[in-house]
Amino acid sequence: MEPGVMEPGTVEPGTVEVRRVPVDDELLVDGELVVLRGQDVLVLSEVASGALDHLGSEVWTSLASLTDAVEARFGLPDEGAQAVFSLVSDLSDVGLVELRRG
């Protein structure tokens, strides 16, 4: 799915799936993931790093399952699953995850 196809306010957690995209290298430093993808080096927040840690590249994970994992590890803002969808949308925009309708 192309980034930006699903708007955060229009998604139901059970209808979206996400998976990691393989990267060239990664290193965890003080809870933040430093990712090398091609010539790009990305430093992810602790929450984004934790979300990626929950995802595999071989299997699709529902947004609801990812939301539960993020909530258990970090808690959630008032926006709940919409905040997690926004996070994975940002990760999709930089090529670290793929999104699809479940």
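At-a-glance table
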item	result
Residue check, A72 surrounded by 15 or more Cβ atoms within 10 Å (Cβ to Cβ), of a type outside the set (S, T, N, Q), modelled with pLDDT of 95 or more and assigned to a helix (DSSP H, G or I)	no
Where a residue in segment 86-101 is over 12 Å from L52 (Cβ atoms) and without any contact (Cβ under 8 Å) to a residue 24 or more places away in the chain and its partner, wherever it lies, is assigned to a helix (DSSP H, G or I) and polar (S, T, N, Q), with Cβ under 6 Å and at least six apart	none
Test: G56 is at positive phi and under 11 Å from the mean Cα position of the chain (by Cα)	no
Within segment 15-44, tally of residues that are over 13 Å from the mean Cα position of the chain (by Cα) and part of a strand (DSSP E or B)	14
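Results for (1) closer than 25 Å to D25 by Cβ; (2) not β-branched (V, I, T), shown as yes or no for each residue.
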| residue | (1), (2) |
| --- | --- |
| V47 | yes, no |
| E58 | yes, yes |
| S65 | no, yes |
| L76 | no, yes |
| E98 | yes, yes |
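The values are calculated or read from the model by the stated rules, or taken from the named source; none is laboratory data. Bear in mind the structure is a predicted one, so any value in this text is a computation, not a measurement. When we count neighbours, we look across all protein chains shown, and the Cβ atoms used for this are built from the backbone with ideal geometry, even at glycine.
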